[in-house]
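Trainee: Questions regarding the structure given below will be posed in turn.
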Amino acid sequence: MSTNRVAVVESNFDAYLAEAPTDVAPRDGEAPLREGGRLTARRAIELFECQLESRALDVAARELKRTGRSFYTIGSAGHENNACLGALLRLDDPCILHYRSGALMMARARRLPGSTPVFDTLLSLTASKDDPISHGRHKVWGSRALWVPPQTSTIASHLPKASGLAIAIGLARRLGVKNDLAADSIVCCSFGDASFNHATALAGIHAARWAKRRGSPVPVLFVCEDNGIGISVETPKDWIAENTKNVAHLQYFHARGELDEIYDVVADAIESCRRSRTPTFLHLETVRLWGHAGSDVETTYRTLEEIETVERGDPLLANAKRLIETGAATPKELQALVRDVRARVNAAAEEAARRPKLATREEVMAPLAPYDAERCARAAIRARDPEKRQRAFDVLPEKQTSATKKTLAAHVNAALADELAHRPELVLFGEDVGKKGGVYGVTAGLQKRFGLGRVFDSLLDETSILGLAQGMAHVGLLPIPEIQYLAYIHNALDQLRGEACSLSYFSSGQFTNPMVVRVQGLAYQKGFGGHFHNDNSIGALRDIPGLILATPSRGDDAAKMLRGCLTVAKECGRVVCFLEPIALYHERDLYADGDNQWLFEYPAPTQALFPGEVGVYHAEHCQLLIVSYANGLRLSLRAAKRLKDDFGIQARVLDLRWLNPLPMESVAVHIAACEHLLVVDECRATGGGIADAIIGGLAEAGFNGVAGSVRAADCYVPLGAATAAVLVGEDEIVAMARKVCA
């Protein structure tokens, strides 16, 4: 038995061409392969060439890997009939693709004059920085010119984004936001039969159906490339059809058989999706040759007989037979085409392997977190249209009397109204944000003022909410999705980690999905809600490369920071998480009941705060620097007053405002004026907050004073009075401050 199944499949293919019949009458190039069919002989040969290119690339990837020059061997062998999609979709139909979409990409690129998809793929396989899409950061299918946002080895995480993009096409046009998509563009999203079972895949399909049921056009074509196995786990027979064929608000098409039959079904599915603007499921039967990837030893879970049965279903072999038996091509013509493709791919592989690689940390990270401070500052001070502002408010916030100083919630509401009036591309959505105005009233009245197209309720699914946001950002909208509670974002974290924040990185900045994700969270709600509504861990968010994490502590800061966040998202293509402390939404007092010292005037609409800009209280020379954020800031200010009044300890209090990246330069400036350090971290002690990073960073920078911290317990937040036992308290801050200063 040969263990080199690549050689076996290639040999079987070549042997057929050498022995194929030569006495078939030739078919005219413009004649269909069968009566009534749409695929002509000429078009079929073009498709076949694209399929040969994809196959040769898979062979080259394994050879390059064997010689240590390539780093990726998940191939498309057996899936080559997806070339029909590449040939039939328009270039203004965005494609969000499965990693086995090689033939689709070859056929799609063939329609763009001057494109070099074979060489581009080889540059990607060899991790060359000349790769036009990722510049060597990962093997991806992607192209700005071909409208293919790059995906890495996703397990269905791209389906919610595809649904969101399909919904956003019509919404953008209704709002007058221009982009390069046509009114009848559709979105193609391909994935495997194993990925179909993932919760994220089901969320994406469900969200599309839900939106269609609610009356929105959702022109998304879900393409399930069903090869019957996920690595080593078989998909039950008929599983895909049973779960998609008779589902409401989802059209079903089944593509199988000869190349021309598949081509016609694919054409029907695309046309139906384009015409009806309805979610469409294309079930494309394929086989998987050569295991999951080069490292997969298929004989550990398949018998030789099973492997040979799969190999007999090789689509290249079947398509070659179809071309020869219908007279579309002669064996000699196909042999010549095979030799030409293999030679071209092999030559290109040698050249690609010689091209330069990324070498420095700066090169690798360049597109991860772009930030142009000057550009953002200029954008923030652009004049606002006074008429639009006047229509957005009954009375402009800055013209209200001082007796109506605002709470944090009111400031956020006013800032959202200001930005909706200023930015026609801005959309605000999430669970309960529309009619209800948010669980805590933060978005109250905005839907009435700006309409259902710009402020609307979503389904209750965080994955779909963030997927919709990404799709909207792709077409020029600036989305503000709301995640109702911090704990809920963990249900959908990969939409930020694996999708939204990685896009600029894997596309070298050619694709971005700017957004500001409003998250209501943190603890201190006086015992109400329990752990799901009082989550006090930000570690998972701080761990996401490129994500900006902002959290205001007071109302005027919240308005200015929200403006800054939206500006950075828009101008630099960034993903921002704006974490709003629920317990401070309606807080009015600072030191004593009724003092109203936590109410603030609404800042002028051109005032903004940007990453790195911290808040400082009691800036005079002092013994102690207290560093905190959100609820911790208010507690720290109260503690600082007690330290001064009762113990004569002068404390400067610094509000970080920005938790990712941390404003370490600003912290270093202020610690230089103080003798000791106390970090008040309201989040969980081990990895859940920022205390470790602050103290460690200052120690590495040479700070040699005494440092201490107070942190919440590594515990879920309970109900009732027991919350005080696990959260940071004012007395604890005072006690630790005295210890540090002693």
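Trainee: Within the bounds of region 6-29, is there any residue that is farther than 23 Å from ALA336 by Cα and either in contact with a strand residue (DSSP E or B) (Cβ under 6 Å, 6 or more places away or on another chain) or outside any strand (DSSP E or B) (or both)?
Mentor: No.
Trainee: Among the residues of region 539-549, which ones are in a helix (DSSP H, G or I) and within 18 Å of the chain's Cα centre (by Cα)?
Mentor: Passing the criteria: ALA540, LEU541, ARG542.
Listed here are the residues, each with its yes/no results for (1) at pLDDT 95 or above; (2) touching a Cys at 6+ places or on another chain (Cβ under 9 Å); (3) closer than 21 Å to GLY441 by Cβ.
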site: ALA473; (1), (2), (3): yes, no, no
site: TYR505; (1), (2), (3): yes, no, no
site: THR512; (1), (2), (3): yes, yes, no
site: MET515; (1), (2), (3): yes, no, no
site: ARG518; (1), (2), (3): yes, yes, yes
site: TYR524; (1), (2), (3): no, no, yes
site: GLY527; (1), (2), (3): no, no, yes
site: ASN536; (1), (2), (3): no, yes, no
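Trainee: Filter region 165-200 down to the residues that are in contact with a strand residue (DSSP E or B) (Cβ under 9 Å, 6 or more places away or on another chain) and small (Gly, Ala, Ser) and list them by number.
Mentor: ALA166, ALA168, SER190, GLY192, ALA194, SER195
Trainee: State whether one or more residues within region 439-459 are over 30 Å from SER157 (Cα atoms), of a type in the set (Asp, Glu) and within 24 Å of the chain's Cα centre (by Cα).
Mentor: No, there is no match, as no residue in region 439-459 is over 30 Å from SER157 (Cα atoms), of a type in the set (Asp, Glu) and within 24 Å of the chain's Cα centre (by Cα).
Trainee: Let me ask something else about it. For the subset of region 489-513 comprising residues that are touching a strand residue (DSSP E or B) at 6+ places or on another chain (Cβ under 6 Å) and closer than 14 Å to SER464 by Cβ, which member is surrounded by the most Cβ atoms within 10 Å (Cβ to Cβ)?
Mentor: ALA500
Trainee: Give me the pairs, please: first residue somewhere in region 692-707 and in contact (Cβ under 8 Å) with a residue 24 or more places away in the chain, second residue anywhere and among the basic types (Lys, Arg) and assigned to a helix (DSSP H, G or I), beta-carbon distance under 9 Å, and either six or more positions apart or on two chains.
Mentor: ALA693/ARG542; VAL706/LYS739
Trainee: Using beta carbons and a limit of 7 Å, which pairs, at least six apart or on different chains, have the first residue in region 199-223 and crowded, with 18+ Cβ neighbours inside 10 Å and in a helix (DSSP H, G or I) and the second one β-branched (Val, Ile, Thr) and modelled with pLDDT of 95 or more?
Mentor: THR200/THR463; ALA203/THR463; ALA208/VAL218; ALA208/VAL220; ALA211/ILE167; ALA211/VAL218; LYS212/VAL218; LYS212/THR278
Trainee: Hey, another quick one. Are any residues in region 40-89 crowded, with 23+ Cβ neighbours inside 10 Å and acidic (Asp, Glu), and if so, which ones?
Mentor: Scanning region 40-89 gives GLU53, ASP58, GLU80.
Trainee: Considering every residue within region 550-566, establish whether at least one is part of a helix (DSSP H, G or I), touching a helix residue (DSSP H, G or I) at 6+ places or on another chain (Cβ under 8 Å) and within 25 Å of SER508 (Cα to Cα).
Mentor: For region 550-566, residues part of a helix (DSSP H, G or I), touching a helix residue (DSSP H, G or I) at 6+ places or on another chain (Cβ under 8 Å) and within 25 Å of SER508 (Cα to Cα): present.
Trainee: I need the full set of residues from region 427-465 which are on the phi > 0 side of the Ramachandran plot and part of a loop (DSSP other than H, G, I, E, B), in order please.
Mentor: ASP432, GLY437, GLY438, GLY441, GLY445, GLY451
Trainee: Give all pairs with beta carbons closer than 9 Å in which a residue from region 348-365 that is free of Cβ contacts under 8 Å to residues at least 24 places away in the same chain and outside any helix (DSSP H, G or I) meets a residue that is charged (D, E, K, R) and surrounded by 11 or more Cβ atoms within 10 Å (Cβ to Cβ); count only pairs at least 6 apart in sequence or on separate chains.
Mentor: So the pair list comes out as ALA359/LYS129.
Trainee: Taking GLY708 and the conditions (1) at pLDDT below 95; (2) over 24 Å from TRP598 (Cβ atoms); (3) not in a helix (DSSP H, G or I); (4) not aromatic (Phe, Trp, Tyr), which numbered condition does it fall short on, given that it satisfies the others?
Mentor: Against the list (1) at pLDDT below 95; (2) over 24 Å from TRP598 (Cβ atoms); (3) not in a helix (DSSP H, G or I); (4) not aromatic (Phe, Trp, Tyr), GLY708 comes up short only on (1).
Trainee: Restricting attention to region 466-479, which residues are more than 22 Å from HIS490 (Cβ to Cβ), outside any helix (DSSP H, G or I) and not β-branched (Val, Ile, Thr)?
Mentor: Within region 466-479, GLY476, LEU477, LEU478 qualify.
Trainee: Here's something else I'd like to know. Go through region 606-642 and give me each residue that's at pLDDT 95 or above, farther than 21 Å from ALA691 by Cα and not basic (Lys, Arg).
Mentor: Hits for region 606-642 are GLN607, ALA608, LEU609, PHE610.
Trainee: For region 236-252, check the following and say yes or no: at least one residue is within 30 Å of LYS65 (Cα to Cα) and of a type in the set (Val, Ile, Thr).
Mentor: No, every residue in region 236-252 fails to be within 30 Å of LYS65 (Cα to Cα) and of a type in the set (Val, Ile, Thr).
Trainee: Looking at the structure I just gave you, is GLY453 in contact with a Phe, Trp or Tyr (Cβ under 6 Å, 6 or more places away or on another chain) and not polar (S, T, N, Q)?
Mentor: No; evaluated as a whole, the condition is false for this residue.
This table checks each residue for (1) among the charged types (D, E, K, R); (2) in contact with an Asp or Glu (Cβ under 7 Å, 6 or more places away or on another chain); (3) in a helix (DSSP H, G or I); (4) farther than 30 Å from ASP58 by Cβ.
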site: LEU334; (1), (2), (3), (4): no, no, yes, no
site: VAL338; (1), (2), (3), (4): no, no, yes, no
site: ARG342; (1), (2), (3), (4): yes, no, yes, no
site: ARG375; (1), (2), (3), (4): yes, yes, yes, yes
site: ARG384; (1), (2), (3), (4): yes, no, no, yes
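Trainee: Mind listing whichever residues of region 63-87 are polar (S, T, N, Q) and over 25 Å from the mean Cα position of the chain (by Cα)?
Mentor: Result: THR67, SER70, ASN81.
Trainee: Considering each residue of region 381-428, count those that are without any contact (Cβ under 8 Å) to a residue 40 or more places away in the chain, under 18 Å from VAL517 (Cα atoms) and of a type outside the set (S, T, N, Q), and give that number.
Mentor: 2
Trainee: In region 141-165, which residues are β-branched (Val, Ile, Thr) and surrounded by fewer than 24 Cβ atoms within 10 Å (Cβ to Cβ)?
Mentor: THR152, THR154, ILE155
Trainee: A follow-up question, please. Taking interchain pairs and intrachain pairs at least six residues apart, which have beta carbon atoms under 6 angstrom, with the first residue in region 135-158 and in contact (Cβ under 8 Å) with a residue 60 or more places away in the chain and the second of a type in the set (Lys, Arg) and part of a loop (DSSP other than H, G, I, E, B)?
Mentor: HIS135/LYS129; GLY136/LYS129
Trainee: Okay, next question. Quickly run through region 550-580 and pick out the residues that are of a type in the set (Lys, Arg) and within 18 Å of the chain's Cα centre (by Cα).
Mentor: LYS570, ARG574
Trainee: Separate question: Scan region 250-280 for residues that are aromatic (Phe, Trp, Tyr) and in a helix (DSSP H, G or I) and jot them down.
Mentor: TYR263 - this is the single residue of region 250-280 that is aromatic (Phe, Trp, Tyr) and in a helix (DSSP H, G or I).
Okay, residues lined up against (1) surrounded by 18 or more Cβ atoms within 10 Å (Cβ to Cβ); (2) aliphatic (A, V, I, L, M); (3) out of contact with any Ser or Thr (no Cβ under 8 Å at 6 or more places or on another chain):
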residue: ILE240; (1), (2), (3): yes, yes, yes
residue: THR244; (1), (2), (3): yes, no, yes
residue: LEU250; (1), (2), (3): yes, yes, no
residue: LEU282; (1), (2), (3): yes, yes, yes
residue: THR286; (1), (2), (3): yes, no, yes
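Trainee: State whether the residues of region 234-249 include one that is among the small types (Gly, Ala, Ser), assigned to a loop (DSSP other than H, G, I, E, B) and either within 28 Å of the chain's Cα centre (by Cα) or over 21 Å from SER101 (Cα atoms) (or both).
Mentor: Among the residues of region 234-249, at least one is among the small types (Gly, Ala, Ser), assigned to a loop (DSSP other than H, G, I, E, B) and either within 28 Å of the chain's Cα centre (by Cα) or over 21 Å from SER101 (Cα atoms) (or both), which makes the answer yes.
The values are calculated or read from the model by the stated rules, or taken from the named source; none is laboratory data. Keep in mind the model is a prediction, meaning the values are calculated, not measured. FYI the Cβ positions are ideal-geometry reconstructions off the backbone, even for glycines, and counts take in every protein chain you see.
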